[in-house]
Amino acid sequence: MGIRLRSTVEAAVAVVLAAAAFAVALTAAAGSQSYGQDLSHRLVPAAAGAEDMLSQFTAQQASLRDAVTSGSASGLASFREEGAEFRSAQARVAPLARGDQPMTARLNATMTAYRTWQAGVAAPQLADMDLGDFAAARALQADTQRSSPLVLAVRTSAQALESQIIDEQQQVTNALNRIHETLLGSLIAMILVVAVIAAQIVVGVWRGLLRPFGQLNKAVAAVADGRYHRRIPVVGPTEIADLSRGVELMRTRLVAGLAEREQAAEGLRNLFDLAPDAMVAVARDGSITMANAKAVQVFGYTVGDLIGRPADTLVPEEWRKNMTAQSASYFADRRGRPAGREIKAFGLRRDGSTFPGEVRLSWLPMEHGTVVVAAIRDVSERLAMEAERERLRSATEQERFQRRVQQSRRLESLGQLIGGVAHDFNNLLNVISGYADFTAEQLQELAQEDERLGPVRADVEQVRTAAQQAIRVTRQLLTFSKSDTARREILDLNQVVESTGQLLRRSLGEQIELIISADPSLWRVEADRGQLEQVLLNLALNARDAMPDGGRLTIATSNAEVDAAYAAQRPNLESGRYSRLAVSDTGTGMDEATVERVFEPFFSTKPRGRGTGLGLATVYGIVSAGGGSIDIYSEKGLGTTMNVLLPVAEPAAMVTESDSPHVDLNGHGELILLVEDEESLRTMASRLLVRNGYQVCEAEGGAAAICRAEDPAQRIDLLVTDMVMPEMLGGEVVERIRAVRPGLPALFISGYAQQVLDFHGMPSADRDILQKPFTEAALLRRVRLALDGATVPRQAPPSDTGTPARSE
């Protein structure tokens, strides 16, 4: 039998044997996959879920015990969260146990024992705590004869469920081990067949190919050693000769490519040395392979000392471990760590001194592999300037705090103290009530889908009810007793403003310009004319005192609609239609501390003997008693706007937004850059926009907004900015952002009258301004109009009303 025939027969036999072994391996692999999927997709998650149920039950017991023991209902939040986690773990195990009768029975027994524990142990203690009877709750907790069997039943059932799952895991694991043994045998058989085939190939090529390949290998080795001009000989059979010719062609192209690469490397070296930052190239083993002139200057080493030195010797000892981990992670996951990412670190100079730095990393392909190039910038001077600025800011805050402490010590009456406490407490209750409304609104739809949320929704309602009761208590503390009975009548607020304005023109003096802007379609109000005149006089005279060198006083009226979201945050306000009276001045303005106390009785910023401190407190009492509301927008050096809302006395005969053509106010994923220095207002506006389909990027000031806009990778569809902010005005923010994003639509927010903005050189005739306070519907409408390129008439002050803000 010839070599060719024998090789053919042996190869055929080997192929048949290999096919048989492969078939057995495939069968075993199929069984392994089935058992493996059952183990990984069902039993392992089920075991984890059962363990979570037991741990969450234990944690829930501890939370209940801590809440009862401490007598604080606030600890029940953890109890409810852990209960939700327990039910979530049960929900994960339930579908995994479907079809497995023993596991399903164990799970049902666990849930039955848990519900029995809740009804027999947790619920009575919670009920006593809700009634405030913590002693009764502690007595129930101490009754271990009654609670221990129920607790033990839950633990026993959960442990039995976990044991059941573990037993099934062991059975599946044993079956997998048997299949793996079969698979291993099949693989060994296949390896043996492959070894036989390889031996046949070696024997077939031994005699005719070794010598030509030996000659070719010597020539290739010479080229690999750097002797690129060594030619590759053409030897051996046709196939090897063709291979030799191909290798020779590769050698000639390699020589040409190396010459070009040397020229490019020289150019790269020149650019590397001219870089303004210190730059070092780091190989995978952590050693430095390149360093530029700036690195020599910054770190104090020569180039020769830097090359080959471990890169971690350029950072302090405490940073080296972290740097080594970062370097290994960076090389291991190139895609997950993009080039140009900035890292904060400290550098270590040769003389032992350290400096703070910013490091940017990038990839660079080199002759012997890819290296990471680190650009290091010394930021010592910049951080020193920032630290000094922060020190000055802290000193200013400390001085302001000391002034507040001294002011609080001058409180002389119990009534003033009660009013201040009630005022602050009322603000907190407004926040609690507002966010409770948010939570109740979100739970309303979820409770229809999951009946387990019913008790949670009932708890939220209890919070809302308690908040409203507390708000009513604070109203009683803030209400003034009045000796005269109000004579209420249907009034045209414009007429009251006009008649009072005639008196004011004689009282204000020639240095103050009085402007009255009345809305001819103003809705009527039901109020006492004398009280309204008193409100106008007090507001106007306070504005006059704030402008000792003269200025502009603006009294404007307009219609406003208050929605439920805004009304829920104001104790004396209900949703509906209101007439608005805005009194604005261009005076000295008020700081935050003054704004917070301006309505307190007997509080005054005037010299002793020139004021009683009851003027604005009286205004607040009159407006509140009439079912209205008053808000302040003020900033030092700009002026103050007092917005008074008075409920209308009759249905308004005018077209509202509901009568106008339908406009889709919902967002469709548009990204809005929201710039507002007041955190509470920024958070509220962001939530309103997000829940109506918009994406929001928040910025607390103009600098942060401009930084965001300068990034071309960031999409921005609309800029919404506060008109007046401490460090940068809204107009400047829009101008600088439009310099890099021409044509970007913008919507301004302002609590000041337009005349105040004009007086301070901020003309708003060509700007789309949403007046504070505003409703959710008004915000959405103006955002949609701004996105669609529509305009809003600005002849009269806008009538949007909604979420209040502390300052502009």
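The values are calculated or read from the model by the stated rules, or taken from the named source; none is laboratory data. Keep in mind that what you see is a predicted model, and the values were worked out from it rather than measured. Don't worry about glycine lacking a Cβ; one is built from the backbone with ideal geometry, like all the others, and counts go over all protein chains shown. Accessible surface areas use protein heavy atoms only, side chains included; no ligands, DNA or RNA. Shrake-Rupley method; radii C 1.70, N 1.55, O 1.52, S 1.80 Å.
Checking each residue in segment 708-733 for being within 22 Å of residue 669 (Cα to Cα) and open to solvent by 10 Å² or more (accessible area, probe 1.4 Å) picks out 708, 710, 711, 712, 713, 714, 715, 716, 717.
Annotation note: of 264, 256, 222, the sole residue that is of a type in the set (Gly, Ala, Ser), exposed (fewer than 11 other Cβ atoms within 10 Å of the Cβ) and modelled with pLDDT of 75 or more is 256. Taking the residues in segment 47-76 that are of a type in the set (Val, Ile, Thr) and open to solvent by 30 Å² or more (accessible area, probe 1.4 Å) as candidates, determine which candidate is nearest to residue 132 (Cα to Cα). Once the filter is applied, the top-ranked residue is 69.
Yes or no, residue by residue, for (1) modelled with pLDDT under 85; (2) under 34 Å from the mean Cα position of the chain (by Cα):
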| residue | (1), (2) |
| --- | --- |
| 67 | yes, yes |
| 86 | no, yes |
| 92 | no, yes |
| 107 | no, no |
| 113 | no, no |
| 120 | no, no |
| 128 | yes, no |
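Of all the residues in segment 696-707, those that are open to solvent by 60 Å² or more (accessible area, probe 1.4 Å), in a helix (DSSP H, G or I) and under 23 Å from residue 779 (Cβ atoms) number 0.
For residue 421, the requirement of being modelled with pLDDT under 80 and closer than 18 Å to residue 574 by Cα is not met. Can you find, within segment 174-183, the residue that is most open to solvent (accessible area, probe 1.4 Å) among those that are closer than 21 Å to residue 19 by Cβ and at pLDDT 80 or above? Only one residue fits best here, namely 182. In the set (1) modelled with pLDDT of 85 or more; (2) within 25 Å of residue 770 (Cβ to Cβ); (3) of a type in the set (Asp, Glu); (4) open to solvent by 50 Å² or more (accessible area, probe 1.4 Å), residue 585 fails one condition alone, (4). Only one of the listed residues (537, 553, 532, 514) is modelled with pLDDT of 85 or more and open to solvent by 30 Å² or more (accessible area, probe 1.4 Å). That residue is 537.
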